[in-house]
Each structure stands twice: as C-alpha cells, then as structure tokens.
Amino acid sequence: MIKSMTGFSKQEASEKGIKAIVELKTLNARNLDFNFKLPKSLSYKELEIRDLVKKTIIRGTVSLYITLEFDETIKPYLINEAAFEACFKNLSALKKKFKLRDEVRLEHILHFSDTFSQNNKSEDNSAEEFRICLKALKEALKAIDKMRAQEGKQILNDIQPRLKKVSNSLEKIESLGMQRIPLERDKLRQKIAQLFDSDEIDENRIQMEIVMQSNKLDISEECVRLKSHLKFFNETMKAAEPVGQKLTFLLQEMNREINTIGSKADDAEISQLVVGVKEEIERIREQMQNVE
C-alpha cells in the first residue's frame, strides 16, 4: 500500500493536572531522520519514543515537539529562598566593593542553580508525565498515518492512469517493431546487393549480414522486460510494507529499457511513442519522491 511521506498531526492528552501537547510533522527524505524537541524531564525517554515512532513511520524526516503544561497546583520547581537571599547579598556586596553601576537583577541570581530545585513531587510524577505523553503521541501517530495513507491514495490515483498509458504505448511499440523487422530486412538486403554485381553476390554472406543487423534492430527482448517491470510495479504497489525505494528502482529499470528501445528503433512512429513513455515514467518518478 502506497503511503505519502508528508503529514502533520497535533494531539493533546490531559490527566491529573498534567497536559501533554504533541505536534508531529513528517517530510520526504531518503532515510529515516529524527528532529525531536522534548521536555527536559522526558529527555531520558528519547530512545523509547524513537522506537515507538519507528513502528509507524519507516522513512522520512520526523519532527516531534512535545510540551507539558501543569495546573497552578503543580509546581515543577521550588525556589530556595535562603540561597536566593544569600546570592543577592553576595552580588550586592560585590557591586559595592567594585563600584559597579549595574543593578542586581533577577536573571543574575537565576544563573546560580542552587537558588531553585526540582520539586520532589514532580520527580515522582515523571512516569505519569511520560504515560500521558505516550497517550497523546500514539493518537498523533494514528492521525498522521491516516493522513499519509489518504495522500498515498491520491498519488496512486495519479500513477495508475500513467502506467496504463505506458502499457498501451508498449503494446503499440511491440506491434510496430514486429511489422518493421521484415521491412528492414528487405531494405537491408537491397542495400547490400547494390554493393555487388549480380555475379559477385555471396548469398550466404548477405543472409548473415541481414541476421546480424536484424538482431540489432530487434526490440522484442526490451519490450518483454519492460512488460515484466510494469507487472511487478503494479504488484508491488499493493504490498503492505513501504515500497517507495523498490518502486523507484523499478522505474530506473523501466527507463533503461525504453531508452534502449528508442536507440534501436529507426522509426518515427516508434520514436514518438518512446518519448511519450519516457514522459510518463518521469512524472511517476516525481511522485515516487514522496512515497514511503
């Protein structure tokens, strides 16, 4: 099943005065890359969060932002008033001693970590915070997966008619190629015969040259391989796992075959069909850049 690599989701979960807000955004990329911004209290859980995300998102750039909000009754930090007062007095004494003009401000004191500490109650609730965050994250992953699947359907709706055009053009190319071989053989025989007088013609040599040149002009093998790639492409799109990289590789192989057909076919009608096929393959390739 085709899924897009782009999506966005924002989910919230609230319990016991703790509110978790999760924003999840994905963009296309060759591999799986992460850009996380987590609350300090949950930074130690990053690997666990990554493992959870990997179960849903296989490829792309994942930007995850988690914020925590608390009721006024829950204070994640406590101010050590004694340390605060001592720090203020020391800074004021230094200001007076060195005759500094600047006033002692709040941000100066907050540089000293002893003036505030983490609430023990908040530490005890870290598991609860993580549980609530996981609840919001799981909902965000469900929502973004649904969005990526819906966009994948739109991509599929664009690709399928293009694949049909390629298949129809290939049938015409194959038919024209079969019709062209006897005509080209006769033309080649006439050209070779003109190089010799009638009594000097080596019929076996002419037949050998005709066979060699006909093989160079024969596009049947390339048509068969291109048909096989098209069939495998259609089957692969129905697979449950991510198929973007596999389909991109198949498009490269399809492009190689149609290029060979174009170089072999010394025919205006076939060349025109080849150009059309190459255009459709290129448009499909552009869509594949956003497929997981």
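Which one is nearest to residue 19 (Cα to Cα), of the residues in the stretch 131-181 that are β-branched (Val, Ile, Thr) and surrounded by 17 or more Cβ atoms within 10 Å (Cβ to Cβ)? Give the steps one after another, and end with the answer.
Step one: list which residues in the stretch 131-181 are β-branched (Val, Ile, Thr), which gives 132, 144, 155, 159, 166, 173, 181.
With surrounded by 17 or more Cβ atoms within 10 Å (Cβ to Cβ) added as a condition, the list becomes 132, 144, 155, 159, 166, 173.
Details: 132: 8, 144: 20, 155: 37, 159: 43, 166: 53, 173: 63 Å.
In this case the residue turns out to be 132.
Conditions (1) without any contact (Cβ under 8 Å) to a residue 60 or more places away in the chain; (2) hydroxyl-bearing (Ser, Thr, Tyr); (3) touching a strand residue (DSSP E or B) at 6+ places or on another chain (Cβ under 9 Å), marked per residue:
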position	(1), (2), (3)
12	no, no, yes
15	no, no, no
21	no, no, yes
32	yes, no, yes
53	no, no, yes
58	no, no, yes
70	yes, no, yes
88	yes, no, no
99	yes, no, no
Do we have residue 238 as basic (Lys, Arg), under 16 Å from residue 168 (Cβ atoms) and surrounded by fewer than 17 Cβ atoms within 10 Å (Cβ to Cβ) here?
no
Of all residues being assigned to a helix (DSSP H, G or I) and among the aliphatic types (A, V, I, L, M) in the stretch 213-229, which is modelled with the lowest pLDDT? Just the residue, please.
217
Listed by first then second residue, the pairs whose first member lies in the stretch 276-292 and is over 21 Å from residue 27 (Cβ atoms), whose partner is of a type in the set (Ser, Thr, Tyr) and crowded, with 19+ Cβ neighbours inside 10 Å, with beta carbons under 6 Å and at least 6 positions apart or on separate chains, are 276/169; 277/169
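Restricted to the stretch 117-148, and to residues that are among the small types (Gly, Ala, Ser) and modelled with pLDDT of 95 or more, which residue is farthest from residue 80 (Cα to Cα)?
If we filter the stretch 117-148 for residues that are among the small types (Gly, Ala, Ser), which is where we start, we get 117, 122, 126-127, 136, 140, 143.
The next check asks that each one be modelled with pLDDT of 95 or more; those that pass are 136, 140, 143.
Details: 136: 34, 140: 38, 143: 43 Å.
Filtering the stretch 117-148 for residues that are among the small types (Gly, Ala, Ser) and modelled with pLDDT of 95 or more, the one farthest from residue 80 (Cα to Cα) comes out as 143.
Going residue by residue through the stretch 248-263, is there one that turns out to be under 20 Å from residue 27 (Cα atoms), under 21 Å from the mean Cα position of the chain (by Cα) and either in a loop (DSSP other than H, G, I, E, B) or in contact (Cβ under 8 Å) with a residue 60 or more places away in the chain (or both)?
As a first pass, look at the stretch 248-263 and keep what is under 20 Å from residue 27 (Cα atoms): 248.
From the residues that got through so far, the ones that are under 21 Å from the mean Cα position of the chain (by Cα) too are 248.
Remaining after also requiring either in a loop (DSSP other than H, G, I, E, B) or in contact (Cβ under 8 Å) with a residue 60 or more places away in the chain (or both): none.
The answer is no, given that none of the residues of the stretch 248-263 is under 20 Å from residue 27 (Cα atoms), under 21 Å from the mean Cα position of the chain (by Cα) and either in a loop (DSSP other than H, G, I, E, B) or in contact (Cβ under 8 Å) with a residue 60 or more places away in the chain (or both).
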Of all the strands (runs of 3 or more DSSP E) wholly in the stretch 1-71, which have at least 2 residues that are within 30 Å of residue 232 (Cα to Cα) and assigned by TED's automatic domain parsing to the domain that holds residue 141?
18-27, 32-37, 60-70
Mind checking which residues of the stretch 243-292 are within 20 Å of residue 232 (Cα to Cα) and among the aliphatic types (A, V, I, L, M)?
243, 247, 250, 251, 254, 258, 261, 277, 281, 284, 288, 291
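Evaluate the following for residue 180: is it modelled with pLDDT under 90, over 26 Å from residue 253 (Cα atoms) and outside the structural domain of residue 69 (by TED's automatic domain parsing)?
Working: modelled with pLDDT under 90: yes; over 26 Å from residue 253 (Cα atoms): no; outside the structural domain of residue 69 (by TED's automatic domain parsing): yes.
Criteria not met by residue 180.
The values are calculated or read from the model by the stated rules, or taken from the named source; none is laboratory data. All of these numbers come straight from a predicted model, not from anything done at the bench. Cβ coordinates were reconstructed from backbone atoms using ideal geometry, including for glycine residues, and neighbour counts include every protein chain displayed.
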